[in-house]
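Contents: one structure, followed by commentary.
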Amino acid sequence: MWNGALAECVQPGMLRVAFSKTNKLRNVEMIFDAMGYCQQLERASGNEGSAQIIPNSLEMALAPNSEEARVITLAKAPFKIVSVNEIWTNLFGYTQLDVEGKDLSILNGERTNQETGTMSFENVGKGICAANTIIHYDSKGREFLDFMCSYPLSNLNNEVTHILHVCRELPAR
């Protein structure tokens, strides 16, 4: 409350400690519900429903989402498409069967700066988020400005295995 929040945030958790045979502390692990804490922070800030929670695992990214056009690719070049959601299909006109195993260059056309996307995907594959505004084309050849945010998705070993790309069509001038 002293820093302007609407409420205090409290997150219970667990503490796991390992000792050696001589009773010396070997390691300490703190475990808590990170998603629950993010939701508390969102409510405490007064922005409930407007804060974006970005998936960091393939399982989270594959969860149904009715607000964002999502495409998931592998994290290594040539960044082959693994999954698309219904909103992405509606935006680009391609189905899951049309694009699975292909790369995002299928969205490129005459006026697409093809180096922009590939360079940033390399960095996202190393764990660095990226955003680009790029000219893309839908399945019928319609050109539009696409604001694409790309996020690394990690496995339990903290290795980036996939990339989540969230696409949003920007209004024409």
Only residues that are modelled with pLDDT under 80, in a loop (DSSP other than H, G, I, E, B) and farther than 21 Å from residue 91 by Cα: list them for region 44-62, please.
-> 46, 47, 48, 49, 50, 51, 53
When residue 40 is run through (1) farther than 16 Å from residue 148 by Cβ; (2) of a type in the set (S, T, N, Q); (3) open to solvent by less than 60 Å² (accessible area, probe 1.4 Å); (4) at pLDDT 85 or above, the failure sits at (4)
Kindly establish whether residue 65 is of a type outside the set (Phe, Trp, Tyr), under 19 Å from residue 168 (Cα atoms) and part of a loop (DSSP other than H, G, I, E, B).
-> yes
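Answer with yes or no whether residue 73 is of a type in the set (S, T, N, Q), open to solvent by less than 30 Å² (accessible area, probe 1.4 Å) and part of a loop (DSSP other than H, G, I, E, B).
Working: of a type in the set (S, T, N, Q): yes; open to solvent by less than 30 Å² (accessible area, probe 1.4 Å): yes; part of a loop (DSSP other than H, G, I, E, B): no.
No, not satisfied.
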Report, by residue number, each residue of region 2-34 that is touching a residue at least 24 places away in the same chain (Cβ under 8 Å) and either assigned to a strand (DSSP E or B) or within 26 Å of the chain's Cα centre (by Cα) (or both).
-> 9, 11
Considering every residue within region 136-155, establish whether at least one is among the aliphatic types (A, V, I, L, M), open to solvent by less than 30 Å² (accessible area, probe 1.4 Å), closer than 25 Å to residue 39 by Cα and without any contact (Cβ under 8 Å) to a residue 24 or more places away in the chain.
-> no
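Please note which strands (runs of 3 or more DSSP E) are completely contained in region 79-154 and include at least 2 residues that are more than 23 Å from residue 172 (Cα to Cα) and under 16 Å from the mean Cα position of the chain (by Cα). Reasoning before the result, please.
Details: elements: 81-84, 130-137, 143-154.
Because the criterion is at least 2 residues that are more than 23 Å from residue 172 (Cα to Cα) and under 16 Å from the mean Cα position of the chain (by Cα), the strands (runs of 3 or more DSSP E) in region 79-154 that meet it are 81-84, 143-154.
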Does region 72-105 hold any residues that are small (Gly, Ala, Ser) and over 19 Å from residue 144 (Cα atoms), and which are they?
-> 75, 77, 83, 101
Enumerate the pairs (first residue in region 65-78 and within 24 Å of residue 126 (Cα to Cα) and touching a residue at least 12 places away in the same chain (Cβ under 8 Å); second residue anywhere and assigned to a strand (DSSP E or B) and of a type in the set (Gly, Ala, Ser)) with beta-carbon separation below 8 Å, excluding pairs fewer than 6 apart on the same chain, so at least 6 apart or on different chains.
-> 70/83; 71/83; 72/83
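The values are calculated or read from the model by the stated rules, or taken from the named source; none is laboratory data. Keep in mind that what you see is a predicted model, and the values were worked out from it rather than measured. Using ideal geometry, Cβ is built from the backbone for each residue, glycine included, and neighbour counts are taken over all protein chains shown. These accessible areas exclude ligands, DNA and RNA; they are computed on the full protein's heavy atoms, side chains included. Shrake-Rupley method; radii C 1.70, N 1.55, O 1.52, S 1.80 Å.
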